[in-house]
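The values are calculated or read from the model by the stated rules, or taken from the named source; none is laboratory data. What you are looking at is a predicted structure, and each value in this text was computed from that prediction instead of being measured. Using ideal geometry, Cβ is built from the backbone for each residue, glycine included, and neighbour counts are taken over all protein chains shown.
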Amino acid sequence: MKIAQKEIFGPVMSIIKFKDIDEAIQRANSTMYGLAAAVWTKDITKAHAIAHNVRAGTIWYRSRTR
């Protein structure tokens, strides 16, 4: 999708389904842009694994236990 491949500035969030963490990382790394990324999950271990493997300048992550 264009929203996942082009650099879009502004208040935009794209939410894309994925089958597993490897697919999510591959999709995140398959663009030439990588200014920033965000990970939202209930599992802090997954958040760290994704943040460690995604090529982006800044990665924010949020883990919620509720």
Next item on the list: Confirm whether Ala4 is modelled with pLDDT under 85 and under 11 Å from the mean Cα position of the chain (by Cα).
Entry: yes
Notebook entry, point to check: Restricting attention to segment 40-66, which residues are surrounded by fewer than 16 Cβ atoms within 10 Å (Cβ to Cβ), within 17 Å of Gln26 (Cα to Cα) and in contact with a helix residue (DSSP H, G or I) (Cβ under 6 Å, 6 or more places away or on another chain)?
Noted result: Asn53, Arg55
Check: Just checking, how many residues over segment 47-65 are farther than 17 Å from Phe18 by Cβ and aliphatic (A, V, I, L, M)?
Finding: 0
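For segment 8-30, state whether one or more residues are part of a strand (DSSP E or B), under 13 Å from the mean Cα position of the chain (by Cα) and at pLDDT 85 or above.
Within segment 8-30, the first condition is being part of a strand (DSSP E or B), and the residues that meet it are none.
Scanning segment 8-30 turns up no residue that is part of a strand (DSSP E or B), under 13 Å from the mean Cα position of the chain (by Cα) and at pLDDT 85 or above.
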Check: Considering only segment 36-66, how many residues are in a loop (DSSP other than H, G, I, E, B) and at pLDDT below 80?
Finding: 3
